[in-house]
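The values are calculated or read from the model by the stated rules, or taken from the named source; none is laboratory data. As the structure is a computational prediction, the values presented were derived from the model and not from experiment. Backbone-built Cβ (ideal geometry, glycine too); neighbour counts: all protein chains shown.
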Amino acid sequence: MKASSQLALGTAVVAMLLYNMWVPNGAGFQDPFLARIMFTHLPSALICSFLFVMSGWYGFKTLKSYNPEVAVKLHAASELGLLFAGFTMITGIIFSKIQWGEWWHGDPRQVSFLIVLFLYGSLIALRSAYADQIRRDRNSAAYSLALLLPGMFLTFVYPRLNFVKQQTLHPNDTIMKDQLDIYYKIGLYSSVLILSFVVAYIFKLRVKTELQARKLENYGNNQTRSSNPTNSGVVRPVAVSQNDHE
């Protein structure tokens with residue numbers, strides 16, 4: 001990204017933060033100032049879900065036709081998705097404590113998203129189980145593709161089942177029912193847009209650095225193999241008996 005683009009993105013982030021602090025306090029909250037947490041919580045949830053879908057897509061492409069660059073994009077999407085899933089969980093726990101008095105009260109929305117967090121956390125752990133790069137990429141791809149359906153079910157379908165809606169304290173369909181005023185709409189949509197650009201920038205940077213790291217790793221392996229004396233073509237005599245020394 002060019003310096004001018006970086007400056008524009010940084011300016012947009014600062015403007016977003018200032019606007020989000022400027023909006024009026026939200027009504028209906030135990031702490032009206034806490035209403036601003038939606039500018040982090042909801043965009044993080046949307047972005048992590050999109051990144052998990054991306055990881056499944058790159059997993060499919062990796063299994064279909066292995067390409068190191070696609071595999072690196074798979075890893076970058078899953079890493080960033082897990083990061084924003086963590087943001088979602090942390091901000092949700094903070095909201096729960098202030099709004100409902102407990103850090104964790106077993107709400108179905110909390111539990112279902114925690115399962116999603118663990119599922120994708122295990123994807124990152126899976127990568128360290130294989131030393132071989134191609135095998136690691138293929139197994140990660142298969143796992144990310146297998147996680148796509150349960151992950152999306154727990155995130156988008158399960159919370160909207162009737163029996164879950166009856167048990168959860170988590171607000172439902174706030175956006176769908178147009179319950180936000182103009183100030184919060186602007187703050188929410190701008191946060192989603194600007195954070196998406198930030199994630200896209202980090203994603204490209206992560207892919208670039210990982211590809212460079214792989215090139216250096218492969219170069220080092222090639223240098224090690226080329227300096228191996230067993231591959232030099234020189235045959236040295238080896239004594240196998242006492243007579244061979246005479």
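Residues satisfying the criterion are absent from region 50-68 (criterion: closer than 30 Å to Gly28 by Cβ and crowded, with 18+ Cβ neighbours inside 10 Å). Set side by side, the residues Tyr120, Tyr130, Tyr58, Tyr143 differ, and just one is over 30 Å from Ala15 (Cβ atoms) and assigned to a loop (DSSP other than H, G, I, E, B), which is Tyr130. Every listed requirement among (1) surrounded by fewer than 14 Cβ atoms within 10 Å (Cβ to Cβ); (2) modelled with pLDDT of 90 or more; (3) not hydroxyl-bearing (Ser, Thr, Tyr) is met by Ile182 save one, (2).
Considering region 79-107, the residues that are in contact with a Lys or Arg (Cβ under 9 Å, 6 or more places away or on another chain) and in a helix (DSSP H, G or I) include one that is farthest from Val199 (Cα to Cα), namely Gly92. Selection of region 16-32 for residues being in a helix (DSSP H, G or I), farther than 17 Å from Val199 by Cα and modelled with pLDDT of 85 or more yields Leu18, Tyr19, Asn20, Met21, Trp22. For region 100-111, the condition holds for at least one residue, the condition being that it is at positive phi and surrounded by fewer than 20 Cβ atoms within 10 Å (Cβ to Cβ).
Every condition in (1) of a type in the set (A, V, I, L, M); (2) without any contact (Cβ under 8 Å) to a residue 40 or more places away in the chain; (3) surrounded by fewer than 16 Cβ atoms within 10 Å (Cβ to Cβ); (4) in contact with a Ser or Thr (Cβ under 9 Å, 6 or more places away or on another chain) holds for Ala125 except the one numbered (4).
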